[in-house]
1. Considering the dipole of the chain built from charges on the beta carbon (Lys and Arg +1, Asp and Glu -1) around the Cα centre, which of 40, 171, 87 is farthest to its positive end?
2. Any number yet on Rg/Rh for segment 63-163, C-alpha, Kirkwood?
3. Per the 1.4 Å probe, what fraction of the accessible area of segment 118-179, in percent, lies on carbon and sulfur atoms?
4. Go ahead and set up a Gaussian network model of the chain, Cα springs under 10 Å, then flag whichever of 156, 111, 171 fluctuates most.
5. Starting from the Cα of residue 192, step 7 Å toward the Cβ, then list every residue of segment 37-59 with an amide N under 20 Å from that point.
6. Calculate, for segment 1-101, the solvent-accessible area per residue in square angstrom, rolling a 1.4 angstrom probe over the heavy atoms of the protein chains.
7. Which lysines have a Cα less than 24 Å from the Cα of residue 146, not counting those fewer than 8 places away in the same chain?
8. Around residue 120, under 11 Å between beta carbons, what's the net of Lys plus Arg minus Asp minus Glu among the other residues?
Amino acid sequence: MADAFGQMLLGGTGLEIIERDDGFLDAVKMVYFAPVAEWPAVERRALRWVRGRVLDAGVGAGRAALELQRRGRSVVGIDISPGDSVGQFDTIVMFGNNFGLFGSPSKAKRLLRRLRPLADRIVAGSNDPYATEDSAHLAYQDHNRKRGRMPGQLRLRVRYRDLIGPWFDYLIVSPDEMATILEGTEWRIHRLLQQTGSGYYVAVLE
Ligand SMILES: C[S@@+](CC[C@H](N)C(=O)[O-])C[C@H]1O[C@@H](n2cnc3c(N)ncnc32)[C@H](O)[C@@H]1O
């Protein structure tokens, strides 16, 4: 399967083209190389909650890993790779909406349980799926409810030039939904950092 995401990072167009399984196409300005001054304010605030040895899960181009290293942290970044052979961490960082990598509520529960012995804290970003009035997004959420998926469970793929990446599930949840998913795991939302004027937030899980 083509690594459309990787080639897109290398390609330097500055745009990320995402296709949803209802045919909805979006081109968004890439944040993957953004210096810390251009990050969502909520992620800058969340840096304060990152302590000790860090695992950056879904590191992408490494913007968070590099900034944390600059601040003296020891950071391991992984991308599409199992996290259970890389040792012990104090914080797992999942910036850039990466709570979404958990994919589905059942997979999220299973992976969160597996991550428990790996670290004491997870600092994870998510968009609130309900912070939209876009009729295409609201219709997609309804369609998801009807097929037994969470409203914000998106099936996406990345496109770049003639490359088409694999379909993957990206789980966008509200803070309440995140709290429900954590039930039955040892994780709890310790702190919620909200981005003003947008649905983006960062949750500190302990
Ligand atoms: C939305 S990007 C966020 C990148 C980075 N954290 C940032 O904020 O700039 C998601 C990243 O997760 C990676 N990814 C997707 N599935 C993954 C998996 N199963 N395990 C690890 N990384 C994954 C993608 O390749 C991509 O680099």
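1. Projecting each Cα onto the dipole axis, the largest value belongs to 87.
2. Details: Rg = 16.4 Å, Rh = 16.0 Å.
Reported Rg/Rh (Cα atoms, Kirkwood Rh): 1.03.
3. Details: 1500 of 3020 Å².
Within segment 118-179, the accessible surface is 50 percent carbon and sulfur.
4. So, out of 156, 111, 171, the one fluctuating most is 111.
5. Under 20 Å, as judged by backbone N against the label point of residue 192, lie 40-50 of segment 37-59.
6. 52
7. 107, 109
8. Summing Lys and Arg as +1 and Asp and Glu as -1 gives +1.
The values are calculated or read from the model by the stated rules, or taken from the named source; none is laboratory data. This is a predicted model, so every value here is computed, not measured. Heads up, the Cβs are rebuilt from the backbone with ideal geometry, glycines too, and the neighbour counts pull from every protein chain shown. Areas reflect the complete protein model, heavy atoms only, side chains present, ligands, DNA and RNA absent. Shrake-Rupley method; radii C 1.70, N 1.55, O 1.52, S 1.80 Å.
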